[in-house]
1. If you scan segment 82-109, which residues turn out to be farther than 17 Å from residue 20 by Cβ, touching a residue at least 60 places away in the same chain (Cβ under 8 Å) and either buried (at least 19 other Cβ atoms within 10 Å of the Cβ) or within 11 Å of the chain's Cα centre (by Cα) (or both)?
2. Would you confirm whether or not segment 13-29 contains a residue that is over 24 Å from residue 83 (Cα atoms) and part of a strand (DSSP E or B)?
3. Taking the conditions exactly as written (exposed (fewer than 12 other Cβ atoms within 10 Å of the Cβ) and under 14 Å from the mean Cα position of the chain (by Cα)), does residue 78 satisfy them or not?
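Laboratory data are not the source of any read-out in this text; all were calculated from the coordinates shown. What you are looking at is a predicted structure, and each value in this text was computed from that prediction instead of being measured. Quick reminder, even Gly has a Cβ in these numbers, built from the backbone with ideal geometry, and neighbours come from all protein chains shown.
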C-alpha cells in the first residue's frame, strides 16, 4: 500500500488552520504537539487503514485523528481526497465527551470547498530556492 499524502487545508485568505493550531500547541504543550505529529505520521503510513485508538470516523466523510497528553485530548479533523490523500482541515483541544457539531460542520465546509477547487485550498510550503514543496 502506498504512503498516504497528508496535506494541510488552506483558506482562501491563505490561513492554514491546522498548521496555525499546531504552532500554538508546540508553544503550550510540547508533548501534546509531539503526540499529534506522531498521529499525523501514522496517518501518512496507514491512510484508510488507521483505526481506533489513533483515528475514528465521525460523519459525512470526516475523520478524527485522536491524540492526548495526560488528560488533555486533541483532535485533528480530516477527510480523504481521491485514493491517496488525507487533508487536515480543522483541529481542536477537546473538552466535551464528543467532538462538537460546530467543529464537524467546519470540517465539512472545508471538505466542500477543497473538492470544488483543490489547488486553491492546498497549502504548499515555500522552500528557500523559491520552489513550492
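1. 86
2. no
3. Judged against the criteria, residue 78 is not a match.
Table: residues versus (1) within 19 Å of residue 19 (Cβ to Cβ); (2) surrounded by 14 or more Cβ atoms within 10 Å (Cβ to Cβ); (3) in contact (Cβ under 8 Å) with a residue 60 or more places away in the chain.
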{"position": "32", "(1), (2), (3)": "yes, yes, no"}
{"position": "47", "(1), (2), (3)": "no, yes, no"}
{"position": "64", "(1), (2), (3)": "yes, yes, no"}
{"position": "125", "(1), (2), (3)": "yes, no, no"}
